[in-house]
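Values in this text are rule-based calculations from the coordinates and carry no lab data. Values in this document were obtained by computation on a predicted structure and should not be read as measured data. Counting neighbours? That spans all protein chains shown, and the Cβs are built from the backbone with ideal geometry, glycine included.
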Amino acid sequence: MPQLSDKAFKKLVIALAIYLASLFAANTLGLKIMPFFWGLHVSVAVFFFPFVFLVTDVVGEIYGKRIAKFFVLAGFISTLLFVLYSFLSLAVPWDPAGEWAHQSYNQIFGISVRIAFASLVAFAIAEYQDVLSFFFFKANIGARYFWLRSNLSNLWSQFLDTIIFMTIAFYGVYATPVLLRIIITWWLFKVLMGLLYTPLSYVGLRLLQDKEQS
């Protein structure tokens, strides 16, 4: 791990905060579904989740693979704890004073074990693959063309995330042809959002650069 100045350390902590906030937003606000083309629909998580992959690429570019993997581990532990906290919150009894929120609260946070498990497995596999593929492309393409390396790794890792999550969570719920259409639609939309967010990754690279870093 590189030696970090106090300023660089603070920047890294802020990057971790953005990473975790984007992850939690995708896992909670993502319950909202919006219409898409051809009568299909996508989750609003497609606006937040690309940030998760972009942050690991930016952090990996500046600080190396080890720090990028640490971000993934932090995200996995945070997601696991959030799921456990959610189950605990649902298990304890309601006081009559809070009954007004009972039904809507349980609908929003009452994720099934299957969906929670799907989310954790997909996140861990896809995010680690994103880090590994990003550095694979860096070794083979070279240190230049960050945008290309980032989007190539995003293309692959987002595909893994989408197909693993949807298969574990919804196989048998949707007919196979419908499930395949949803997987392809969600994957393409997330990749498109990643492309649109690419300029923001260059902003991140510039902000994380530290002249005092050794």
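The numbered conditions (1) surrounded by 17 or more Cβ atoms within 10 Å (Cβ to Cβ); (2) over 25 Å from residue 83 (Cβ atoms) are all true for residue 192 except (1). If we scan the stretch 154-169, do we find a residue that is surrounded by fewer than 15 Cβ atoms within 10 Å (Cβ to Cβ), without any contact (Cβ under 8 Å) to a residue 40 or more places away in the chain and of a type outside the set (Ser, Thr, Tyr)? The answer is no, given that none of the residues of the stretch 154-169 is surrounded by fewer than 15 Cβ atoms within 10 Å (Cβ to Cβ), without any contact (Cβ under 8 Å) to a residue 40 or more places away in the chain and of a type outside the set (Ser, Thr, Tyr).
Does at least one position in the stretch 36-59 carry a residue that is of a type outside the set (Ser, Thr, Tyr) and more than 20 Å from residue 162 (Cα to Cα)?
yes
Counting the residues of the stretch 170-194 that are touching a residue at least 60 places away in the same chain (Cβ under 8 Å) and closer than 17 Å to residue 26 by Cβ gives 7.
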